[in-house]
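Trainee: One structure coming up, written as structure tokens, with questions to follow.
What follows is calculated from the coordinates using simple rules that are stated; it is not laboratory data. All values derive from a computational prediction rather than experimental measurement. Ideal geometry is used to build each Cβ from the backbone, glycine not excepted, and the neighbour counts take in all protein chains shown.
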Amino acid sequence: MCGIFGYVGHRKDAACIVLEGLKSLEYRGYDSWGIAVLPESGKSDGKIIVRKKTGKIGDATADELPAGSIAFGHTRWATHGGVTQANAHPHLDCTGKLALIHNGILENYHEIKPGLKKGGHRFISDTDTETFVHMVEEYSRNRLVSKAMQRAFNEVTGLNAFIILAARDKRLIAARNGSPLVVGYGDNENFIASDASALLPYTRQVHFLEENQMAIVSGAGIMIFDAKTGDLVEPHKQVLTWSIDQTVKGKYPYFMLKEIHEQPGVLAAIAADYTSQAEKLAATIDRSYGTYMVGCGTAAYACMAGSYLFSKIAKRHVNWAIGSEFTYQAEFLTPKSLVIALSQSGETMDTLEAVRKAKEKGASIYAVVNALGSSLYRYADHKMLIGAGPEKGVASTKAFTGKLAHLIMVAYAMEGSVKNGQKVVTAAAKSSQKVLTESSVRQLKELALKFRNVRHMYVIGRGLSYPASLETALKIKEISYIHAEGLAAGELKHGPLALVEKGTACIAFLPNDETYGANLAGAMEMKARGGYIIGASYKPHEIFDTYVHIPDAGEGTIIPNVIFGQMLAYELAVIRGLDPDKPRNLAKSVTVK
Ligand code: M6R
């Protein structure tokens with residue numbers, strides 16, 4: 001869940017390049033950050049200079065760092081050891097000539113560390129990470145650093161990505177097992193990062209490191225080899241197609257706002273360009289005996305919505321599970337089963353573990369994923385890109401509605417008419433556009449002002465509006481820190497109604513479908529207990545204290561409904577003085593279990 005960026009080449013401002021790379025990766029972790037640079041010859045006795053700070057990287061400059069042509073850095077999301085300067089990466093060995101950054105959890109560090117301490121190695125931090133740099137220091141006494149790193153890597157357990165900056169060789173040496181790393185090929189300069197989008201300003205030619213691969217990155221070139229055997233491996237070079245504009249905020253104050261506003265365009269493009277992909281996935285579901293969708297967080301709610309869509313449109317039962325729960329339900333899978341894994345990043349560990357379990361059972365894996373080259377993308381038997389473009393806000397927005405758009409198209413393709421799917425997604429794109437007009441957003445700002453200090457909010461829906469309620473509540477709690485609960489409206493009377501009192505904020509989704517009457521009954525139950533009803537619907541109703549107009553888009557109405565929820569959550573966060581792109585305690589890509 002950490003951001004990693006490394007540079008080695010002909011430029012002398014390696015630290016500045018790394019700093020800019022880290023800024024573009026901060027969404028991967030923002031507890032603390034650090035940079036290591038090897039100063040030009042003779043300037044530091046061959047020692048690496050490290051600067052580390054707690055907190056967000058913000059407007060930091062590389063002023064305090066020396067000139068040098070090899071550097072790397074890290075933005076941290078703490079797993080082991082508190083958020084302190086000492087625990088921030090990079091970590092140095094005892095000589096100051098090896099530096100390490102790490103993403104993951106080194107599971108057996110406590111078995112290794114005592115021996116190193118006994119041997120005289122000095123530990124400065126409380127992290128698991130530091131053990132690894134001392135292992136490499138120890139093993140490199142009588143062998144090349146790359147060989148020492150290979151030995152250390154094969155001795156540690158856990159899912160990790162390590163990069164060592166070796167002053168002796170002026171190289172970055174990387175190894176991955178579980179956590180993503182990508183190398184970028186430049187002209188007399190080369191790069192390494194945790195996320196390909198950070199490489200776009202410098203190169204589009206990349207190789208995504210496979211499990212148990214190592215890379216030696218120098219200015220002259222990049223060597224890839226197998227960490228188990230030491231054999232050289234031919235890189236699988238790919239060309240990145242995302243544009244730089246897609247990776248910057250542009251005129252928007254936050255990525256989340258930019259990404260919310262990109263949704264109508266993304267949806268229209270999916271409707272226009274993805275019919276054959278929808279038909280391919282539909283045919284695969286048709287051929288399978290039992291299909292299961294799996295994802296985490298927002299992606300899990302997309303799975304849940306998919307289950308409703310397949311039932312409603314295609315009259316098919318497609319089950320779903322949360323990634324971290326899937327393994328406890330996977331015993332019935334057979335080689336004829338299909339598991340569709342939904343993920344923005346393609347790096348979510350719980351989702352990856354679920355598909356690994358499914359593979360063990362012989363099932364086929366279909367990845368619906370946004371990030372090209374991600375672990376899930378490479379691991380799956382079949383794949384479909386979501387096509388939402390880079391998503392940097394920690395709160396997933398356009399990747400979620402993109403997933404829904406694909407699922408609608410696939411459900412219609414199964415029913416035999418992908419064209420109707422296109423129509424529904426196009427209508428959803430238009431309705432979403434209306435939700436984002438200036439006057440609609442003004443209304444949401446007023447609502448945010450009114451409810452900025454409440455402690456709880458409730459969101460209710462039935463059918464497709466149930467996952468919309470869960471997703472809206474997740475967005476509100478994730479970025480505004482207001483406790484919000486999404487509920488199936490029918491469940492109110494089975495317990496949650498006890499929580500409603502005078503003025504309690506209740507959002508009710510009332511689309512033009514079979515759920516309208518029953519859901520209105522739920523809203524009335526809340527109103528009767530003093531609830532303040534925000535009715536998100538295609539038509540007004542007298543019980544609404546505030547009416548939010550959501551133009552009807554058939555089954556696609558779930559999309560503008562959720563976009564309204566995203567926008568309200570965003571406005572609540574902003575009015576409460578919070579940074580919606582970097583909610584506390586969270587990070588974009590959850591690469592730990
Ligand atoms: O990258 P993924 O789609 O696999 O991520 C899954 C969840 O971690 C993610 O959707 C998370 O719930 C978001 N922060 C929600 O906004």
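Trainee: Can you give the local net charge around Leu200? Use residues other than it whose beta-carbon is closer than 13 angstrom to its beta-carbon, Lys and Arg +1, Asp and Glu -1. Before the final figure, lay out the partial values.
Mentor: Details: positive: Arg204, Lys392; negative: Glu20, Asp195, Asp245.
Value of the local net charge: -1.
Trainee: Could you compute Rg(Cα) / (2.2 N^0.38 Å) for the range 417-547, with N its residue count? If you can, show how the numbers build up before the last one.
Mentor: Working: Rg = 15.0 Å, N = 131, 2.2 N^0.38 = 14.0 Å.
Computed over Cα atoms of the range 417-547, the ratio equals 1.07.
Trainee: What is the percent of Cα-Cα separations in the range 165-311 that go past 28 Å?
Mentor: Values: 4768 of 10731 pairs.
Across the range 165-311, Cα pairs with separations above 28 Å total 44 percent.
Trainee: What fraction of the DSSP beta bridges in the chain is antiparallel, stated in percent and rounded to the nearest 5?
Mentor: Numbers: 59 of 100 bridges.
So the antiparallel bridges in the chain amount to around 60 percent.
Trainee: What is the Cα centroid distance between the range 110-176 and the range 389-438, reported in whole angstrom?
Mentor: Each part reduced to its Cα centre gives a spacing of 47 Å.
Trainee: Of Lys12/Lys97; Lys23/Lys588; Lys237/Lys336; Lys383/Lys403, which ones are farther than 22 Å apart at the Cα?
Mentor: Those over the limit are Lys237/Lys336.
Trainee: What number, in percent, do you get for the relative contact order of the range 1-153 if the mean sequence gap of Cα pairs under 8 Å and at least 6 apart is divided by its residue count?
Mentor: Across the range 1-153, relative contact order equals 23 percent.
Trainee: Quick one: grab the alpha carbon gyration tensor of the range 3-240, order the square roots of its eigenvalues as a ≥ b ≥ c, and give me rounded if a/c is under 1.5, else prolate or oblate depending on whether a/b is larger than b/c.
Mentor: rounded
Trainee: Right, here's the next one. Would you mind classifying the range 371-412 by shape? Square roots of the alpha carbon gyration tensor eigenvalues, ordered a ≥ b ≥ c; an a/c under 1.5 is rounded, otherwise it is prolate if a/b is larger than b/c and oblate if not.
Mentor: oblate
Trainee: Using the Karplus curve 6.51 cos²θ - 1.76 cosθ + 1.60 with θ = phi - 60°, what ³J(HN,Hα) values do you get for each residue of the range 434-442, in whole Hz, with x for Gly and Pro?
Mentor: For the range 434-442, the Karplus-derived couplings read 5, 4, 9, 5, 4, 5, 5, 5, 4 Hz, x marking Gly and Pro.
Trainee: Between Ile340 and residues 5 or more places away or on another chain, which pairs have amide H atoms under 5 Å apart, with H built 1.01 Å from N, and which residues are they?
Mentor: Answer set, sorted by chain and number: Tyr292, Met293, Val294, Tyr366.
Trainee: Here's a follow-up. DSSP loop (so not H, G, I, E, B), at most 15 other Cβ within 10 Å: list which chymotrypsin sites (Phe, Trp or Tyr not before Pro) in the range 331-386 pass both filters.
Mentor: The qualifying sites are Phe332.
Trainee: Now for a separate question. If the cut-off is a Cα-Cα distance under 12 Å, which aspartates and glutamates reach Lys52, setting aside same-chain residues fewer than 8 apart in sequence?
Mentor: Lys52 reaches Asp31, Glu64.
Trainee: Distance from the Cα centre of the range 502-535 to that of the range 327-359, in angstrom?
Mentor: Using only Cα atoms, the two centres lie 36 Å from each other.
Trainee: Report the charge-dipole magnitude of the range 252-436 in Debye, nearest 20, computed about the Cα centre from +1 at each Lys and Arg Cβ and -1 at each Asp and Glu Cβ. Please report the intermediate quantities before stating the final value.
Mentor: Values: 20 positive and 14 negative charges, 85 e Å.
Once rounded to the nearest 20, the dipole reads 400 debye.
Trainee: Helix 14-25 versus the longest principal axis of the chain: what is the Cα-based angle in degrees, 0 to 90, to the nearest 10?
Mentor: 20 degrees
Trainee: Taking the mean number of other Cβ atoms within 10 Å as a proxy for protection, how do you rank 385-394, 137-146, 300-309, 400-409 from highest to lowest?
Mentor: 400-409, 300-309, 385-394, 137-146
Trainee: I've got another one for you. Semi-axes of the equivalent ellipsoid for the range 44-86, please: Cα gyration tensor eigenvalues, times 5, square-rooted, ordered largest first, whole Å.
Mentor: Calculated on Cα positions only, the semi-axes equal 22, 14, 9 Å.
Trainee: Which Cα, out of Ser197, Val182, Leu172, lies furthest along the positive dipole direction of the range 132-210 (beta carbon charges, K/R +1, D/E -1)?
Mentor: Farthest along the dipole direction, towards plus: Leu172.
Trainee: Still on this structure: Taking only the alpha carbons of the range 252-436, what extent do you get along each of the three principal axes, in Å, biggest first?
Mentor: 45, 36, 24
Trainee: Would you mind working out the magnitude of the charge dipole of the range 3-240 relative to its Cα centre, with +1 at each Lys and Arg C-beta and -1 at each Asp and Glu C-beta, to the nearest 20 Debye?
Mentor: About 480 debye.
Trainee: Still on this structure, please answer the following. If you plug each phi of the range 505-510 into the Karplus form 6.51 cos²θ - 1.76 cosθ + 1.60 with θ = phi - 60°, what whole-Hz ³J(HN,Hα) values come out, in order, with x for Gly and Pro?
Mentor: Result, ordered by residue: 6, 10, 8, 10, 8, 10 Hz.
Trainee: How would you order 316-326, 445-455 from highest to lowest mean count of nearby Cβ atoms within 10 Å?
Mentor: 316-326, 445-455
Trainee: So how strong a dipole does the chain carry about its Cα centre when Lys and Arg Cβ are +1 and Asp and Glu Cβ are -1, to the nearest 20 debye?
Mentor: The dipole of the chain has a size of about 320 debye.
Trainee: Oh, and also: Please state, rounded to one decimal and in Å, the Kirkwood hydrodynamic radius that the chain gives when every pair of distinct Cα atoms enters the mean of 1/r.
Mentor: For the chain, inverting the mean 1/r across all distinct Cα pairs yields 25.0 Å.
Trainee: Which percent, to the nearest 5, of DSSP beta bridges fully inside the range 437-579 are antiparallel?
Mentor: Numbers: 0 of 21 bridges.
Close to 0 percent.
Trainee: Still on this structure, please answer the following. Label the range 38-147 by shape, choosing from rounded, prolate and oblate, from the square roots a ≥ b ≥ c of the eigenvalues of the Cα gyration tensor; if a/c is under 1.5 it is rounded, and otherwise prolate applies when a/b is larger than b/c, oblate when it is not.
Mentor: oblate
Trainee: Could you tell me the relative contact order of the range 312-469? Use alpha-carbon pairs under 8 Å, at least six residues apart, and round to a whole percent.
Mentor: 15 percent
Trainee: Right, here's the next one. In what order do His549, His102 fall by count of nearby beta-carbon atoms within 10 Å, going from fewest to most?
Mentor: Final ranking by Cβ density, sparse to dense: His549, His102.
Trainee: Follow-up question, since we're still on this one. In whole angstrom, how far apart do the alpha carbon centroids of the range 62-83 and the range 234-280 sit?
Mentor: Result: 29 Å between the Cα centres.
Trainee: Please list 3J(HN,Hα) in residue order for the range 572-586, calculated via the Karplus relation 6.51 cos²θ - 1.76 cosθ + 1.60 where θ = phi - 60°; whole Hz, with x for glycine and proline.
Mentor: Using θ = phi - 60°, the values come out as 4, 4, 5, 5, 8, x, 9, 8, x, 6, 9, x, 4, 6, 10 Hz.
Trainee: Same structure again: Give me the net charge of Leu499's neighbourhood, meaning all other residues with Cβ under 10 Å from the Cβ of Leu499; Lys, Arg count +1, Asp, Glu -1.
Mentor: Once all neighbours under 10 Å are counted, the net charge is -1.
Trainee: Please list 175-183, 574-582 highest first by mean number of surrounding beta-carbon atoms within 10 Å per residue.
Mentor: 175-183, 574-582
Trainee: Let me ask something additional. Hey, what's the Kirkwood Rh for the range 309-418 if you take every pair of different alpha carbons, in angstrom?
Mentor: Value: 14.5 Å, from the Cα pair sum.
Trainee: By how many degrees, 0 to 90 and rounded to 10, does the Cα axis of helix 349-360 deviate from the longest principal axis of the chain?
Mentor: Helix 349-360 sits at roughly 90 degrees to that axis.
Trainee: On to the next question. How high is the FRET efficiency between His483 and Lys237 when r is their beta carbon distance and R₀ equals 41 Å, given to the nearest 0.05?
Mentor: 0.30
Trainee: I would also like to ask the following. Sorting Lys593, Lys52 on the 10 Å Cβ count, fewest up front, what's the list?
Mentor: Taking fewest neighbouring Cβ atoms as first place, the list is Lys593, Lys52.
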